[in-house]
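Visitor: Sharing a structure below in structure tokens format, with a few things to ask.
The values are calculated or read from the model by the stated rules, or taken from the named source; none is laboratory data. Note that the structure is a prediction, hence the values are computed from the model and not measured. So basically every Cβ, Gly included, is an ideal-geometry build from the backbone, and we count neighbours across all protein chains shown.
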Amino acid sequence: MDTLKRAVTTIPDFPRIGVQFRDITSLLEDPLAFALACEQLAEPFADAAIDKVVAIEARGFAFGGAVALSLGAGMVMARKPGKLPREVISQTYQLEYGQDSLNIHADAVQPGERVLIVDDLIATGGTVLAAADLLARLGAKTVAAAFVISLPGLGGVAELQARQIQVHNLLEYEGE
């Protein structure tokens, strides 16, 4: 984990004073750290019979594709409105100051499929909970959610666990 932790750059006071922003773009730029992160995100699910990996826009795409390939699963993109060309289903979720929506193609996941959600970071959990809601509406089973970074103090991990969704993260930063 030291390799991964060293590869993540911390930007103080971004996007506002008091926030310690954990920037994974430096991890993506390091081929060893990027490969290690992808391997470690996929490893716990090697025998979980995952049918699809749902990757959340945008940084989740970088990890989701590699994890899907490793697991022999398809990859589904969860995107902001207006970005997907076929029929979509949408889920609105709360932000700190307002709302946003997440979309997936209506035919991307089939009832009964086992799904792993992948993103770079979990904080409050709004986006990943919206993805889990979309999957439930399509009749899929969210097996787990995997993240490079977890900020458990912001409540998202607890929200997922309360819904019986297993959480796997590589790095954890307390008090952020």
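Visitor: Just one of Leu171, Leu160 is surrounded by 18 or more Cβ atoms within 10 Å (Cβ to Cβ), of a type outside the set (D, E, K, R) and either farther than 20 Å from Ala78 by Cα or touching an Asp or Glu at 6+ places or on another chain (Cβ under 7 Å) (or both); which is it? Reasoning before the result, please.
Guide: On the way: Leu160 fails: either farther than 20 Å from Ala78 by Cα or touching an Asp or Glu at 6+ places or on another chain (Cβ under 7 Å) (or both).
Within the list Leu171, Leu160, the selection yields Leu171.
Visitor: Ok, one more. Being assigned to a loop (DSSP other than H, G, I, E, B) and in contact with a Leu (Cβ under 9 Å, 6 or more places away or on another chain) is the filter; apply it to region 73-88 and report the residue that is surrounded by the most Cβ atoms within 10 Å (Cβ to Cβ).
Guide: Ranking the candidates gives Ala73 first.
Visitor: Can you run down the residue pairs with Cβ atoms below 6 Å, 6 or more apart or on separate chains, where the first is in region 16-45 and without any contact (Cβ under 8 Å) to a residue 24 or more places away in the chain and the partner is outside any helix (DSSP H, G or I)?
Guide: Phe21/Ile11; Phe21/Phe14; Asp23/Thr9; Asp23/Ile11; Ser26/Thr9
Visitor: Oh, and also: Taking the condition aliphatic (A, V, I, L, M), over 21 Å from Glu172 (Cβ atoms) and more than 15 Å from the chain's Cα centre (by Cα), does Leu69 pass? Reasoning before the result, please.
Guide: Values: aliphatic (A, V, I, L, M): yes; over 21 Å from Glu172 (Cβ atoms): yes; more than 15 Å from the chain's Cα centre (by Cα): yes.
Taking the combined requirement at face value, the residue satisfies it.
Visitor: Next question, about the same structure. Counting only residues that are of a type in the set (Asp, Glu), give me the strands (runs of 3 or more DSSP E) lying completely in region 102-176 with at least 2 of them. Give the steps one after another, and end with the answer.
Guide: Working: elements: 114-122, 141-150, 166-172.
Correct list: 114-122.
Residue-by-condition table, conditions (1) farther than 25 Å from Leu36 by Cβ; (2) over 16 Å from the mean Cα position of the chain (by Cα); (3) crowded, with 24+ Cβ neighbours inside 10 Å:
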position	(1), (2), (3)
Ser101	yes, no, no
Ala106	yes, yes, no
Leu116	no, no, yes
Ala123	no, no, no
Ala131	no, no, yes
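Visitor: Yes or no: Val148 closer than 30 Å to Asp2 by Cα, at pLDDT 95 or above, surrounded by 22 or more Cβ atoms within 10 Å (Cβ to Cβ) and out of contact with any Ser or Thr (no Cβ under 9 Å at 6 or more places or on another chain)?
Guide: Numbers: closer than 30 Å to Asp2 by Cα: yes; at pLDDT 95 or above: yes; surrounded by 22 or more Cβ atoms within 10 Å (Cβ to Cβ): yes; out of contact with any Ser or Thr (no Cβ under 9 Å at 6 or more places or on another chain): yes.
Criteria met by Val148.
Visitor: Any chance region 117-128 includes a residue that's without any contact (Cβ under 8 Å) to a residue 24 or more places away in the chain and out of contact with any strand residue (DSSP E or B) (no Cβ under 6 Å at 6 or more places or on another chain)? I'd like the intermediate steps shown before the answer.
Guide: Applying the first criterion (without any contact (Cβ under 8 Å) to a residue 24 or more places away in the chain) to region 117-128 yields none.
Checking region 117-128: not a single residue is without any contact (Cβ under 8 Å) to a residue 24 or more places away in the chain and out of contact with any strand residue (DSSP E or B) (no Cβ under 6 Å at 6 or more places or on another chain).
Visitor: Quick one: Glu57 ticks every box in (1) within 20 Å of Pro152 (Cα to Cα); (2) under 14 Å from the mean Cα position of the chain (by Cα); (3) among the acidic types (Asp, Glu) except a single one, so which number is it?
Guide: The number of the failed condition is (1).
Visitor: Working carefully through the options Leu138, Leu154, find the one that is within 26 Å of Leu36 (Cβ to Cβ) and surrounded by fewer than 22 Cβ atoms within 10 Å (Cβ to Cβ).
Guide: So the residue among Leu138, Leu154 that is within 26 Å of Leu36 (Cβ to Cβ) and surrounded by fewer than 22 Cβ atoms within 10 Å (Cβ to Cβ) is Leu154.
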